[in-house]
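Remarks on the structure that follows.
Each reported figure results from applying straightforward, stated rules to the coordinates on display, with no laboratory input. Note that the structure is a prediction, hence the values are computed from the model and not measured. All Cβ positions, glycine included, derive from the backbone under ideal geometry; neighbour counts span all protein chains shown.
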Amino acid sequence: MNKSKMWKLGVLILIPLIIFLIPPPEGLPVLAWRLFGLYLTAIVGLVLKPYSEPVILLGSVAASAVTIGNTAVPKEQAIKMGQVLSGYQSGTTWLVFAAFTLSAAFVTTGLGKRIAYYLIGKMGSTTLGLGYVTVFLDLLIAPATPSNTARAGGIVFPIINSVASALGSDPVTSPRKAGHYLMINVYMVTKTTSYMFLTAMAPNALALSMMAPILKIDLSWGQWALAAAVPGLICLLLTPLVIYFCYPPELKKVNNKEISAKGLQELGPMKKSEKMLAVLFIMALGGWIFSKQLGMDASTVALCVMATALIINVVTWDDVLKNKGGWNTLIWYGGIIGLSSTLTKAGFFAWLAETLQANLNFGDHNTLALLSILLLSVAIRYLFASGGAYVAAMVPVFATVGSVAGANPMLLALGLLFSNAYGGAMTHYGGAAAPIIFGAGYNDTKTWWIVGAIIGFGSLIIHCTVGIAWWELLMSMGLIGK
């Protein structure tokens with residue numbers, strides 16, 4: 001064990017020890033205080049990463065179960081040890097895991113590449129046009145790819161990177177010819193598509209499951225997509241254009257027909273597996289959109305599509321076993337949801353709400369409270385290298401603060417759900433896809449942070465104006481909950 005891992009592990013051991021030794025704040029049960037110490041340890045572990053996320057969460061889950069079993073509490077405050085495992089039976093966890101199967105299928109079948117080269121041939125005659133190819137490609141496959149790392153880093157990036165090379169843009173000698181623009185555009189686009197669907201980014205479902213009991217809101221897959229549609233499409237329309245004007249590429253015209261023809265020729269005729277995946281993808285979208293009419297929730301639809309994909313051999317079980325991202329997500333998301341659920345049952349968030357209500361006062365300025373929280377939610381993303389870590393650490397706190405400050409629960413929920421994704425645009429470490437794209441060498445840190453700030457805070461302005469107006473309209477029409 002190296003020194004870096006040793007001091008990180010020391011921090012993780014020290015946090016619960018200190019909290020266990022300190023008496024709980026007035027009004028907070030002992031068990032809730034100790035469980036909070038372990039929850040805080042898990043969050044710090046997700047940030048420091050001495051081990052991978054599943055290892056950290058399994059350790060926290062185990063320690064929480066031991067704590068529950070060895071803390072004497074009044075009968076009315078008792079919690080069953082199995083409560084900490086409740087996240088693994090959560091539909092949210094299985095929704096994301098099942099959607100990962102579709103995500104892997106886009107890579108293994110080659111359908112993602114085929115769609116990309118087709119779009120390049122149709123609309124990539126200019127460098128700006130290639131920027132919008134990224135938009136359409138990412139938006140099209142986002143509903144079925146809960147790993148935006150796999151989507152941006154595994155599907156979109158390799159294709160656009162090869163296009164930049166074909167255009168004669170080299171990371172060292174000629175980055176500004178085309179690659180500089182195309183690469184940063186890939187990441188900024190995926191930070192918008194990531195919030196446009198519940199299944200477009202794994203932390204989306206996690207954030208919703210953590211906020212729902214605090215804000216007493218319910219949001220279906222279709223309602224999420226409807227709420228994100230207007231602000232999201234505006235941001236997608238503007239993103240390639242804004243980056244183009246900030247850092248225009250030297251090359252303006254592109255021989256897109258040649259690039260498209262070569263890429264499609266390498267792929268060969270469309271395979272049976274690609275056709276079946278396309279049908280399954282449409283079925284999944286239809287099931288998620290009309291889940292209420294079908295009497296199924298989004299998790300059931302995802303599991304049905306996953307099972308069908310395995311049965312008709314679009315993907316094999318070996319493909320699923322090799323999909324490390326899906327299994328990692330299953331373990332650590334189930335763990336963090338279980339820990340959060342246990343904290344809620346222990347009364348921690350109720351105590352936090354009462355404490356904040358007694359010490360926080362926005363008066364009658366409910367809108368100011370909402371806007372202040374959303375601004376802070378974006379600014380604080382500078383500190384987080386993981387959307388999942390941010391969600392686990394900050395979303396319950398922001399939801400609780402907004403609730404006691406009198407902000408509209410649905411407006412607050414939608415604002416926080418979406419800001420996690422676009423807030424991660426601001427740095428070259430704001431999401432797991434960022435190091436992949438930044439590592440191509442076309443972009444420097446200064447450029448990335450400038451463009452990221454424009455896209456991140458620009459998206460915030462759009463969501464706080466057009467977005468809120470759109471959500472209020474949907475609420476008045478009864479299309480989303482009040």
What's the ranking of 288-297, 449-458 by average number of surrounding C-beta atoms within 10 Å, highest first?
449-458, 288-297
Using the Karplus equation 6.51 cos²θ - 1.76 cosθ + 1.60 (θ = phi - 60°), what ³J(HN,Hα) coupling, rounded to whole Hz, does each residue of the stretch 38-44 give in order, writing x for Gly and Pro?
6, 5, 4, 4, 4, 5, 4
What is the helix-to-structure angle for 157-166, meaning the angle in degrees between its Cα long axis and the longest Cα principal axis of the chain, kept from 0 to 90 and rounded to the nearest 10?
30
Mind giving me the nanometre distance, one decimal, between the label points for Val30 and Thr126, set 7 Å out from Cα along Cα→Cβ?
7.1
Compute the projected area of the convex hull of the Cα atoms of the stretch 288-331, averaged over all viewing directions, and report it in nm² to one decimal place.
3.7
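In debye to the nearest 20, how big a dipole does the stretch 92-324 give about its Cα centre with +1 on each Lys and Arg Cβ and -1 on each Asp and Glu Cβ?
Details: 18 positive and 10 negative charges, 78 e Å.
That gives the stretch 92-324 a dipole magnitude of about 380 debye.
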Inter-probe distance in nm under a simple model that places probes 7 Å from Cα toward Cβ, at Ala358 and Leu40:
1.8
Looking at the calculated P(r) for the stretch 238-282, what percent of the C-alpha pair distances fall above 11 Å?
77
Where the centre of each part is set by its Cα atoms, how far does the stretch 80-111 sit from the stretch 389-453, in angstrom?
22
Add -39500 (n - 2.57) for each DSSP H run of 4 or more in the chain, then divide by its residues: what number comes out at 222 nm, to the nearest 500 deg cm²/dmol?
-23000 deg cm²/dmol
On a 19 Å Cα-Cα criterion, which of the cross-link pairs Lys191/Lys257; Lys49/Lys191; Lys272/Lys324; Lys113/Lys272; Lys5/Lys49; Lys113/Lys275 come out too long?
Lys191/Lys257; Lys49/Lys191; Lys272/Lys324
Degrees separating the helix 348-359 axis from the principal Cα axis of the chain, which is the longest one:
80
How do 264-270, 211-217 rank on mean C-beta neighbours within 10 Å, highest first?
211-217, 264-270
In whole Å, largest first, the alpha carbons of the chain cover along the principal axes 73, 57, 51
Suppose each label sits 7 Å from its Cα in the direction of the beta carbon; what would the Ser476-Gln265 distance come out to in nanometres?
5.7
By Cβ neighbour count within 10 Å, fewest first, Ser147, Ser419 rank Ser147, Ser419
Under the rule of at least 5 residues apart or a separate chain, name every residue whose amide H is placed under 5 Å from the amide H of Thr126.
Val254
Calculate the translational D of the stretch 36-162 in whole µm² s⁻¹ from Stokes-Einstein, where the hydrodynamic radius comes from the Kirkwood formula applied to all Cα pairs, the temperature is 20 °C and the viscosity 1.002 mPa s.
119
Taking the dipole about the Cα centre of the chain, with the C-beta of Lys and Arg at +1 and of Asp and Glu at -1, give me whichever of Cys246, Leu264, Trp449 is farthest to the positive side.
Leu264
If you take the C-alpha gyration tensor of the stretch 92-324, multiply each eigenvalue by 5 and take the square root, what semi-axes do you get, largest first, in whole Å?
32, 22, 14
Rounded to the nearest 10 degrees, the helix 366-379 long axis (Cα) sits at an angle to the longest Cα principal axis of the chain of 60
Which of rounded, prolate or oblate describes the stretch 318-460 when judged by the alpha-carbon gyration tensor and an a/c cut-off of 1.5?
oblate
